[in-house]
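Comments concern the structure below.
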């Protein structure tokens, strides 16, 4: 687990990575019922090759929150939505978030205390691993498909930069 | 100068006719913020629409250029309220400075060739993709270690054209014939 300063209002983002998760269905149900405490974002970790794009999405989320212009219902669902390159809300939440069969999850929470992070870890039935494993476990094919990254683009850019460009430019397109 | 609510400080690097360029940090990484300012002489509604349109066009063209395989700084954030774009900070001298340096200390042939080739390739890709740079000067190109990055000034308008190269050649021949300026007739 690691915390990152996003740079707006002194709020940090805490991230924790899990493999072999067996209760995604349950987590999804709790989330949709709105009874999952504390509020947390579950990202499909296969789409995360490195932490930076998630931080960019977090930045975007905090800016929107500070302007009272969230597109989704909660701060954390907004984070998942902002990680997507698509403006389509439900599609983005489905693709970048978790499904019943997801076993590889990145949990994220804004301004989390260590108690809250412990509580979150308690909910997830899986094994926590270090964030440095993101790179090797990322699903490159899925990333290239979801973000529509072309071969010429990969010649001049890292996957991380390609994802960030889509995250930041999404609403300008 | 501090932007409200943001922790990162901004250090002005350059001011142009359209925008101010600052150096800042974005989630801990060195970044460049390009803030378009509003023109007071314009009608405020028109001004805000125009500036926003330019902002979005720049973001769109940058992503298009990347898809075409043209090296540009990565776009970290777009702020429609402040009309600001945050880019990755590219380390390296402007091509202009490299050439000036050649003037002072002598030309390094291979490096010159390398830069020229990369510029040509990049522009070729842009044009094939229907993008026009709009402000192609050596002060707008940065040489990053090992690569050449075309800086953010892609004001570009989209144009549909298939045989770009032929059109350009023909135009070039025309210009050669009559000289750069057109005649003042008509």
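Can you confirm whether residue A:79 is closer than 24 Å to residue A:3 by Cα, away from chain B (no Cβ under 14 Å), in contact with a helix residue (DSSP H, G or I) (Cβ under 6 Å, 6 or more places away or on another chain) and modelled with pLDDT of 95 or more?
For residue A:79, the condition - closer than 24 Å to residue A:3 by Cα, away from chain B (no Cβ under 14 Å), in contact with a helix residue (DSSP H, G or I) (Cβ under 6 Å, 6 or more places away or on another chain) and modelled with pLDDT of 95 or more - is not met.
Go through region B:25-34 and report how many residues are buried (at least 20 other Cβ atoms within 10 Å of the Cβ) and in a strand (DSSP E or B).
In the first step, residues of region B:25-34 are kept if they are buried (at least 20 other Cβ atoms within 10 Å of the Cβ); the result is B:26-27, B:31-34.
With in a strand (DSSP E or B) added as a condition, the list becomes B:26, B:31-34.
Residues meeting the conditions: 5.
Condition check: facing chain A (nearest Cβ under 9 Å) and either at pLDDT 90 or above or closer than 23 Å to residue A:5 by Cα (or both). Does residue B:8 satisfy that?
Numbers: facing chain A (nearest Cβ under 9 Å): yes; either at pLDDT 90 or above or closer than 23 Å to residue A:5 by Cα (or both): yes.
Yes: the conditions hold for residue B:8.
What is the number of the single condition among (1) in a strand (DSSP E or B); (2) out of contact with any helix residue (DSSP H, G or I) (no Cβ under 8 Å at 6 or more places or on another chain) that residue B:107 does not meet?
(1)
Can you tell me which residues in region A:46-75 are in a helix (DSSP H, G or I) and either at pLDDT below 95 or more than 10 Å from the chain's Cα centre (by Cα) (or both)? Lay out the reasoning, then the answer.
Residues of region A:46-75 in a helix (DSSP H, G or I): A:46-47, A:52-66, A:75.
Residues satisfying the conditions are A:46, A:52, A:56, A:59, A:60, A:61, A:62, A:63, A:64, A:65, A:66, A:75.
When you look at residue B:65, is it in contact (Cβ under 8 Å) with a residue 24 or more places away in the chain, at the interface with another protein chain (Cβ under 10 Å from one of its Cβ atoms) and within 20 Å of residue A:149 (Cα to Cα), yes or no?
Judged against the criteria, residue B:65 is a match.
Residue A:91 is checked against (1) touching a residue at least 60 places away in the same chain (Cβ under 8 Å); (2) away from chain B (no Cβ under 14 Å) and fails just one. What number does that condition carry?
Residue A:91 satisfies every listed condition except (1).
Of all residues in region A:30-57, count the ones that are within 11 Å of chain B (Cβ to nearest Cβ) and within 14 Å of residue A:166 (Cα to Cα).
6
What tally of residues in region A:135-161 results from selecting those that are buried (at least 19 other Cβ atoms within 10 Å of the Cβ), without any contact (Cβ under 8 Å) to a residue 40 or more places away in the chain and either more than 7 Å from every other protein chain (Cβ to nearest Cβ) or more than 18 Å from the chain's Cα centre (by Cα) (or both)?
Looking only at that region, the number is 4.
Quick check on region A:62-74. Is at least one of its residues closer than 23 Å to residue A:145 by Cβ and either free of Cβ contacts under 8 Å to residues at least 12 places away in the same chain or within 12 Å of chain B (Cβ to nearest Cβ) (or both)?
There is no residue in region A:62-74 that is closer than 23 Å to residue A:145 by Cβ and either free of Cβ contacts under 8 Å to residues at least 12 places away in the same chain or within 12 Å of chain B (Cβ to nearest Cβ) (or both).
Would you mind telling me which numbered condition in (1) farther than 19 Å from residue B:86 by Cα; (2) in contact with a helix residue (DSSP H, G or I) (Cβ under 7 Å, 6 or more places away or on another chain); (3) within 14 Å of chain B (Cβ to nearest Cβ) residue A:8 fails?
(1)
What's the number of the condition residue B:92 fails, among (1) surrounded by 14 or more Cβ atoms within 10 Å (Cβ to Cβ); (2) touching a helix residue (DSSP H, G or I) at 6+ places or on another chain (Cβ under 6 Å); (3) away from chain A (no Cβ under 14 Å); (4) assigned to a loop (DSSP other than H, G, I, E, B)?
(2)
If you go through region A:78-129 one residue at a time, how many are crowded, with 20+ Cβ neighbours inside 10 Å and assigned to a helix (DSSP H, G or I)?
Residues that pass the stated criteria total 8.
Check off (1) more than 7 Å from every other protein chain (Cβ to nearest Cβ); (2) surrounded by fewer than 18 Cβ atoms within 10 Å (Cβ to Cβ); (3) under 27 Å from residue B:123 (Cα atoms) for residue B:44 and give me the number that stays unchecked.
For residue B:44, the failing item is (3).
Anything in region A:130-163 that is closer than 15 Å to residue A:103 by Cα and assigned to a loop (DSSP other than H, G, I, E, B)? List them, or say none.
A:138, A:139
The values are calculated or read from the model by the stated rules, or taken from the named source; none is laboratory data. The model shown is predicted, which means the values in this text are computed figures rather than measured ones. All Cβ positions, even for glycine, are placed from backbone atoms using ideal geometry, and neighbour counts span all protein chains on display.
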